[in-house]
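These notes are about the structure you will find just below.
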Amino acid sequence: MNFTGISRPGWTLILRMLFGPALALMFFDPLVAQPAPPKAEGSRLFAAVFIVRGSVSGNATGGYGLYVGAQNDTVWTRISRSSTLTFGLALFDNGRTRRYYMAAGNGVHRSTDGGKSWKILTSWRTEEILCVVPDPVDSSVIYVATPFGVFKTVDDGATWEKKMNGIPAWFIQRILMDPRDRRTLYAAAQTDVFRTTDAGEHWQAMGSGLEQVLALMQMPQDPGVMLAAGELKGIRRTTDGGKTWSAARGVDSAIIYTFRSSRDGNEVYAAGWKTGLLGSSDQGASWHQVWPAPGIDAIYSLFVYPDDPAHLLVGTVGDGIEESLDHGVTWRSAGLPGTQVKQIELYP
Amino acid sequence: MNRNRVILPALAATLLGLPVSAGGASGTAADARSNVSRAEYLRGYQQRAQVIASYYDTSMAGDYYCAAARYASGKDIRTADSMFVAALKRPGGDMFWMFSCIGAYLNGKDRMSPETKAAVRNAWKTYAPYRGDTENHWAMYYSSLFLASEQWPGLPGSEWYNGKSSEENRADAKDYLIHWMEIATTIGQGEFDTPHYFTEYAVSMSLLADFAKDPDMKQRGKMMLDYLLVDFADEQLDGQYLGGYSRIYQPEVYMPITCPASAFAWLYFGTGEPVVSYWVLLPAIGEYRLPQIIHRIATDRSRSYVERERKRVRNVIRFGKEKNPPVYKYTYVTKEYGIGSLQGGLLQPIQQHTWGIQYTYGRPFTTIFGLHPYWSSYELGMFFPEEIKPLIADVVGSKGTYNNPDKWTGGSPFERTFQYRNTLIVLYDIEPGTMTEHIDGFFPRNLQERVADSSGWVFCKAGDTYIGWYPLQAGVWTQEADNWRFRSNHLRNGEVVEVRSKSEIGSFEKFCGALRLRRPGAELEPGNVAVEYTTLGGDRMNFRFPGRRTLNGKNVDLTKTPLFDGPFLHAAVGSQKLSITYGKEKLNLDFKQLTITE
């Protein structure tokens, strides 16, 4: 639900201010995490560029960081500082405040002025941020995945606390927030997929059968269906919110780095190490190769235009962004040559 | 030639007024003796520092070092300003930029023009350096950031590249540096004993010691520089770092004297070759002076000794049960050679040097060593956060030898060592299907003797150092540009290495004759790789892969290895205290109390 450009959390805050939290709850449940999908019109593409091929720490060619580009264009402009090795990005937008976040080697970067200026929110104790997930309602709450665990701030980055109660091994690749409940999150960890239902205080293994978990996704129209993937064991799937898991067909030993679906969930994509682009039309139960991605060793990121599910973008391991306008039948370069692109999003 | 490293021949050094000893190795300074007086040492040190400073304060290379040297000497400040401002127009190099920039600024802030000062300040607002991904990067990054934040206090985040205020930056940098010092002095340094990256730590601590306004941080900088230098001093011979290292590159690994750390050996100890390098410029124009006791330890090789040390693996992020597992280092040091080893296994990614013999003969090829050339995405995944499979290509982009089966650097999960004094046993149990199924040995071509004896031993002579190498399996010799390569294509494999000097055993013939009487007994079956050997000294060593070691029937427990244990250095794990002794002289570094007592 979205009224005149103000998102559901935005309306929640307005109602809180007008009528107090109790009445606001009657209109909207503040635990709901899912922000309204952005309108494609007027939005821009954001790309997290991790590194430029051939660059080395301390001898960098620079040029990596957060890039912005117009839709259907190959021109990209860096809006972060150079030398910002960027693993991911995120948006907080409650209708009044818009904040961009970068998950980067130097920490969590935040911009409150549309990318004109950035502040690093983390200290040296919370670096190499692989994934950043801001709470969609409370801007002072942010979760991050790092090689040394899940960290959370409740004071807008002033302090960070490690939240690993129940997760035995410390490398966390990704965090996913359940669109139905912002206190429920999933962590892609070394030994399994883990779930918390109390905003990170306790985690339970979900028994996915995976190790070295790299990618997670919930179906947009049916969040009880979840996909997970990692090193060597293909894709695992649950349709009952994690009670039982089964192997997806057609991807027995694929190494999958990323998932993406169309807005309606009818088309789901996955990609990883030497997989090309994989597609599924049954919510991830079975997979086929959509595009072999010749000459591209790995695909790190995927994007499906919300208003045009035929329009796909893939972020590669060193060849920038490739684009297809016809469901992946034909492809062309969409810019950022020579880069490793870790995430692509469409943000206002 | 690298413009940043100039080797001064003995004649040139003499013409520059640099005292050179007649009896030592080429270039060794006259004060490279343990019994020199403090005044003699300081005179020699000052002359060496002056050689370095005068090279840079006349150089027109136009970098931060040329500017820093001119500011320090007071020569030609206008040129220094113009060099500095020009360099600031194209900042790059991340943390390497940070320390050179702040180093030049701190040496010149009282002499440079207001415009130059403004340009420096602006650079710290507009250029955003990356903090890096290794501990040497972080030492440079945070020490530089700490010093910069002290220079410009009270500024809001909008005046800094990272959006943090001066106070936030100072607090963050100080917190990291104290953390690093604590962990290094409790469970050991992570990037330990690296002939290549020693410099990054030493320069960072030198800047703190010279310029920190915070008296605690100034004291910490001085103490850590003492700590780093004495760690180097007692495993140093003729300017070379001895034994196993956490990180080294090719070709440095087979030319140890060419490593950047050797420039520090020459400046502070007077040993090795005269080297002018930008790495030692900032220390050379600084105020820090090496305690005399460390100089004595670096230069006294009148008696052979064993040095045992505990270090730690750098942060393990995947596949590990422990974030920083221990590293056990064992080094035997004499006046002619050193032989040293780490326990083996994967202790550092990419550039580990597990064991080697270094000696004083035949610069620059002064080493014999062996390895199993190993690489894998598993190894890289242990230490780097990126997705594992693409990592090899990323690493090869900057460290081109990583996936070369002929490479001369790197650790292997299938290699283990057992050393007692100057005898070393190395065993390999290589998993079938591993990228390389061979082991290699490096033997310089400039050896005086290299004889594959019918007894099975390979006898080598390097000046007054004799090396015996007993391969447990057959191999093939190949002549290469600078060396002979001994390659053995057997999965269960190993070697026994004995080293003696002329002063220890007499003639080379006697050494060979004694070894001919000794044959290691080996079991080389799958899952059962072991050696039994009685050393030239009569000690019985039994070693079963991967970690069962007995000496004269008694179990050798590496886990009991102290942080430092040798004739000069003593530190218990967890103590944060290092006791340095030389005869009746003592120096105690107490990092809990931040005190130096003599």
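The values are calculated or read from the model by the stated rules, or taken from the named source; none is laboratory data. This is a predicted model, so every value here is computed, not measured. With ideal geometry, Cβ positions are generated from the backbone for all residues, glycine too; neighbour counts draw on all protein chains shown.
Looking at (1) under 19 Å from B:GLY468 (Cβ atoms); (2) surrounded by fewer than 22 Cβ atoms within 10 Å (Cβ to Cβ); (3) among the hydroxyl-bearing types (Ser, Thr, Tyr), which one does B:SER376 not meet, given that it meets all the others?
Exception for B:SER376: condition (1).
Restricting attention to region B:344-359, which residues are within 17 Å of the chain's Cα centre (by Cα) and part of a loop (DSSP other than H, G, I, E, B)?
Hits for region B:344-359 are B:LEU347, B:GLN348, B:PRO349, B:ILE350, B:GLN351, B:GLN352, B:THR354.
When the residues of region A:286-312 are narrowed to those that are part of a strand (DSSP E or B) and within 14 Å of chain B (Cβ to nearest Cβ), which ends up farthest from A:MET226 (Cα to Cα)?
This residue is A:ALA298.
Do you know which residues across region B:360-373 are in a loop (DSSP other than H, G, I, E, B), in contact with a Phe, Trp or Tyr (Cβ under 7 Å, 6 or more places away or on another chain) and under 18 Å from B:ASN493 (Cβ atoms)?
Correct list: B:HIS372 only.
Every residue in region B:384-399 that is more than 8 Å from chain A (Cβ to nearest Cβ) and either over 20 Å from A:ILE129 (Cα atoms) or touching a Phe, Trp or Tyr at 6+ places or on another chain (Cβ under 7 Å) (or both), please.
The answer is B:LEU391, B:ILE392, B:VAL395, B:VAL396, B:LYS399.
Need pairs with beta-carbon distance below 6 Å; first residue in contact (Cβ under 8 Å) with a residue 40 or more places away in the chain and within region B:276-294, second assigned to a loop (DSSP other than H, G, I, E, B) and surrounded by fewer than 22 Cβ atoms within 10 Å (Cβ to Cβ); sequence gap 6+ or separate chains.
Correct list of pairs: B:SER277/B:ASN4; B:TYR278/B:ASN4.
Hey, any hits in region A:88-100 for a residue that's in contact (Cβ under 8 Å) with a residue 60 or more places away in the chain and touching a Cys at 6+ places or on another chain (Cβ under 7 Å)?
For region A:88-100, residues in contact (Cβ under 8 Å) with a residue 60 or more places away in the chain and touching a Cys at 6+ places or on another chain (Cβ under 7 Å): present.
When you check B:ALA67 against the structure, is it in a helix (DSSP H, G or I) and either in contact (Cβ under 8 Å) with a residue 60 or more places away in the chain or not assigned by TED's automatic domain parsing to the domain that holds B:ALA212 (or both), yes or no?
Against the criterion (in a helix (DSSP H, G or I) and either in contact (Cβ under 8 Å) with a residue 60 or more places away in the chain or not assigned by TED's automatic domain parsing to the domain that holds B:ALA212 (or both)), B:ALA67 does not qualify.
Being more than 26 Å from A:VAL132 (Cα to Cα), modelled with pLDDT under 95, surrounded by fewer than 24 Cβ atoms within 10 Å (Cβ to Cβ) and among the polar types (S, T, N, Q) is true for just one of A:SER246, A:SER253. Which residue is that?
Matching residue, one of A:SER246, A:SER253: A:SER253.
Do we find that B:GLY244 is assigned by TED's automatic domain parsing to the domain that holds B:ARG170 and either out of contact with any Phe, Trp or Tyr (no Cβ under 7 Å at 6 or more places or on another chain) or modelled with pLDDT under 95 (or both) in this structure?
In short, no.
Only one residue in B:GLY108, B:GLY132 is at positive phi and crowded, with 19+ Cβ neighbours inside 10 Å, so which one is that?
B:GLY132
Per-residue answers, yes or no, for (1) within 10 Å of chain B (Cβ to nearest Cβ); (2) closer than 28 Å to B:GLY320 by Cα:
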{"site": "A:GLY65", "(1), (2)": "yes, no"}
{"site": "A:GLN71", "(1), (2)": "no, no"}
{"site": "A:LEU85", "(1), (2)": "yes, yes"}
{"site": "A:TYR100", "(1), (2)": "no, no"}
{"site": "A:ARG125", "(1), (2)": "yes, yes"}
{"site": "A:THR146", "(1), (2)": "yes, yes"}
{"site": "A:PHE151", "(1), (2)": "no, yes"}
{"site": "A:GLU161", "(1), (2)": "no, yes"}
{"site": "A:PRO168", "(1), (2)": "yes, yes"}
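Yes/no matrix, rows are residues, columns are (1) closer than 19 Å to A:LYS274 by Cα; (2) in contact (Cβ under 8 Å) with a residue 24 or more places away in the chain; (3) among the hydroxyl-bearing types (Ser, Thr, Tyr):
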position: A:ARG182; (1), (2), (3): no, yes, no
position: A:VAL193; (1), (2), (3): no, yes, no
position: A:ALA229; (1), (2), (3): yes, yes, no
position: A:ARG237; (1), (2), (3): no, yes, no
position: A:ASP240; (1), (2), (3): no, no, no
position: A:GLY250; (1), (2), (3): yes, yes, no
position: A:PHE259; (1), (2), (3): yes, yes, no
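Kindly provide the set of residues from region B:336-395 that are hydroxyl-bearing (Ser, Thr, Tyr) and under 26 Å from B:GLU235 (Cβ atoms), ordered by number.
Passing the criteria: B:TYR337, B:SER341, B:THR354, B:TYR359, B:THR360, B:TYR361, B:THR366, B:THR367, B:TYR374.
Output the residue which, of all residues in region B:539-598 that are among the hydroxyl-bearing types (Ser, Thr, Tyr) and either over 24 Å from B:THR299 (Cα atoms) or in the same structural domain as B:ARG492 (by TED's automatic domain parsing) (or both), is surrounded by the most Cβ atoms within 10 Å (Cβ to Cβ).
Result: B:THR561.
For B:VAL327, work out the one condition from (1) buried (at least 19 other Cβ atoms within 10 Å of the Cβ); (2) at pLDDT below 95 it doesn't fulfil.
The single condition B:VAL327 does not satisfy is (2).
If I ask for residues that are without any contact (Cβ under 8 Å) to a residue 24 or more places away in the chain and surrounded by 17 or more Cβ atoms within 10 Å (Cβ to Cβ), which ones from region B:144-173 would you list?
Matches in region B:144-173: B:LEU155, B:GLY157, B:GLY163, B:LYS164, B:SER165, B:SER166, B:GLU168.
I'd like to verify a number: residues in region A:127-144 that are more than 14 Å from every other protein chain (Cβ to nearest Cβ) and of a type in the set (Asp, Glu), how many?
2
Could you pull out the residue among B:TYR127, B:TYR141, B:TYR176 that is crowded, with 24+ Cβ neighbours inside 10 Å, within 11 Å of another protein chain (Cβ to nearest Cβ) and not polar (S, T, N, Q)?
B:TYR141
Going residue by residue through region A:287-299, is there one that turns out to be of a type in the set (A, V, I, L, M, F, W, C), buried (at least 16 other Cβ atoms within 10 Å of the Cβ), closer than 23 Å to B:ILE388 by Cα and touching a Lys or Arg at 6+ places or on another chain (Cβ under 6 Å)?
Taking every residue of region A:287-299 in turn, none turns out to be of a type in the set (A, V, I, L, M, F, W, C), buried (at least 16 other Cβ atoms within 10 Å of the Cβ), closer than 23 Å to B:ILE388 by Cα and touching a Lys or Arg at 6+ places or on another chain (Cβ under 6 Å).
Check whether at least one residue in region A:216-230 is touching a strand residue (DSSP E or B) at 6+ places or on another chain (Cβ under 6 Å), modelled with pLDDT of 95 or more, crowded, with 22+ Cβ neighbours inside 10 Å and among the β-branched types (Val, Ile, Thr), and report yes or no.
Looking for residues that are touching a strand residue (DSSP E or B) at 6+ places or on another chain (Cβ under 6 Å), modelled with pLDDT of 95 or more, crowded, with 22+ Cβ neighbours inside 10 Å and among the β-branched types (Val, Ile, Thr), one finds none in region A:216-230, hence no.
Hey, does region B:90-97 have a residue that's touching a helix residue (DSSP H, G or I) at 6+ places or on another chain (Cβ under 9 Å), more than 26 Å from B:GLU191 (Cα to Cα) and either more than 14 Å from chain A (Cβ to nearest Cβ) or modelled with pLDDT of 95 or more (or both)?
no
Go through region A:252-269 and give me each residue that's within 14 Å of chain B (Cβ to nearest Cβ) and either under 24 Å from A:PRO306 (Cα atoms) or not in a loop (DSSP other than H, G, I, E, B) (or both).
Result: A:ILE256, A:TYR257, A:THR258.
Just one of B:LYS329, B:LYS321, B:LYS335 is free of Cβ contacts under 8 Å to residues at least 60 places away in the same chain, of a type outside the set (S, T, N, Q) and not assigned by TED's automatic domain parsing to the domain that holds B:VAL36; which is it?
Exactly one of B:LYS329, B:LYS321, B:LYS335 is free of Cβ contacts under 8 Å to residues at least 60 places away in the same chain, of a type outside the set (S, T, N, Q) and not assigned by TED's automatic domain parsing to the domain that holds B:VAL36, namely B:LYS321.
Go through (1) within 18 Å of B:GLU386 (Cα to Cα); (2) assigned to a strand (DSSP E or B); (3) of a type outside the set (Val, Ile, Thr) one by one and return the number of the condition A:ARG236 breaks.
With (1) within 18 Å of B:GLU386 (Cα to Cα); (2) assigned to a strand (DSSP E or B); (3) of a type outside the set (Val, Ile, Thr) applied to A:ARG236, the lone miss is (1).
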